[in-house]
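Taking it in order: structure first as structure tokens, then the write-up.
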Amino acid sequence: MPKAAIVLVSYKLPPARLMDWLRWNLMELAGCVPVYVVTDPTTDVATVCSRPPWWRFLIYPGKMPVFSLAKTANFGIRRALEDGCETILKCDPDIIFDGALETMLTTPAAGRYVVAKFHNVRSYAERQRPYRDEMATDGCISMTAHAWQAIQGYDERMYGWGFEDTEVCQRAKESGMQQTNAWVLHVDHPPWGRASGFNPNRNDANFNMPPRIIGSQPDWGKGL
């Protein structure tokens, strides 16, 4: 039974970006935890070269007309829960852990969760020379399996990206949990899917949704 796992959402992302994430974090990962890679039904995982044996590709069921980071993240988190993982770190593919992985995997406990904060990167070419910016990101979150289950994951009413991570942290705090921060690198990258409307920025729309009622999402993470 794995004590910890990483959930990485890679739905319709170019394979090169997935392999970039692996290359940036390979030394830190070193096979220490399984990585649940949530991808789309059209992805031929056999073509993703050099994938390590500890990667577990999860094909999200059905076809999404518009991407939902909340639903895809929940799908991976739910699979890790069912496999008995005790700590689950949801991560975005534009993150370099930069020494923070151990903190994010070992700190979560009863009443505590970990949120990554950025050392912002000026450009893709300068990604190894970050400058410090006191900007928090909730896109890389680690909690115990019990905590993810108790708050029922991300709010699956939310589509696109934007505010879904902040909202899940708000519910964690409202449940009485305390937040610990860990510093990571955030890699600049070109937009993904925005021109086609597949991956829209819906921060304002998601922000204005009525608060989710406790216990209202019993089927979270089961997919479409």
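Largest GNM mean-square fluctuation across Gln152, Gln170, Gln179, computed for the chain with C-alpha springs under 10 Å, falls on Gln170.
How large is log10 I(q)/I(0) at q = 0.16, 0.26 Å⁻¹ when the Debye formula is applied to the Cα atoms of the range 26-114, each weighted equally and without solvent? Listed by q, the Debye log ratios stand at -0.75, -1.58.
Count charges around Asp83 for me, please; just the other residues with Cβ under 12 Å from its Cβ, Lys/Arg as +1, Asp/Glu as -1.
Details: positive: Lys3, Arg56, Arg78, Arg79; negative: Glu82, Glu86.
Local net charge: +2.
Each label was represented as a point 7 Å from its Cα along the Cα-to-Cβ direction; for Glu102 and Lys173 these points are 2.9 nm apart. Using 0.36 nm per residue and subtracting the Cα-Cα separation, the extra length available between Arg23 and Trp183 on full extension is 55.7 nm. In the chain, a dipole from Cβ-located charges (positive for Lys and Arg, negative for Asp and Glu) runs towards its positive end, and of Val66, Ala109, Ile95 it is Val66 whose Cα lies farthest in that direction.
By the rule of a C-alpha distance below 23 Å, with chain neighbours fewer than 8 residues away ignored, the lysines paired with Lys12 are Lys63, Lys71, Lys90, Lys222.
Report the relative contact order of the range 4-207, percent, no decimals, based on alpha-carbon pairs under 8 angstrom and at least 6 residues apart. Let's see the in-between values first.
Values: 397 pairs, mean separation 49.5, N = 204.
So the answer I get is 24 percent.
Helix content alone sets the calculated 222 nm mean residue ellipticity of the chain: runs of n ≥ 4 DSSP H residues at -39500 (n - 2.57) each, divided across all residues, give -7500 deg cm²/dmol.
At an R0 of 35 angstrom, the distance between the Cβ atoms of Arg194 and Glu86 translates into a FRET efficiency of 0.45.
What does the extension gain come out to for Ile214 and Phe57, with contour length at 0.36 nm per residue minus their alpha carbon separation?
On the way: separation 157, 0.36 × 157 = 56.52 nm, distance 3.07 nm.
Extra length from Ile214 to Phe57 when fully extended: 53.5 nm.
Per residue and in Å³, how big is the convex hull formed by the alpha-carbon atoms of the chain?
Details: hull volume 27.5 nm³, N = 224.
Given the Cα convex hull of the chain, per-residue volume reads 123 Å³.
As a rough guide to protection, the peptides 75-83, 108-116, 5-13 ranked by mean Cβ packing within 10 Å, highest first, stand as 5-13, 75-83, 108-116.
Each reported figure results from applying straightforward, stated rules to the coordinates on display, with no laboratory input. If you're wondering where the values come from, they're calculated on a predicted model, not measured in any experiment. Cβ: placed from backbone, ideal geometry, glycine included. Neighbour counts: every protein chain shown.
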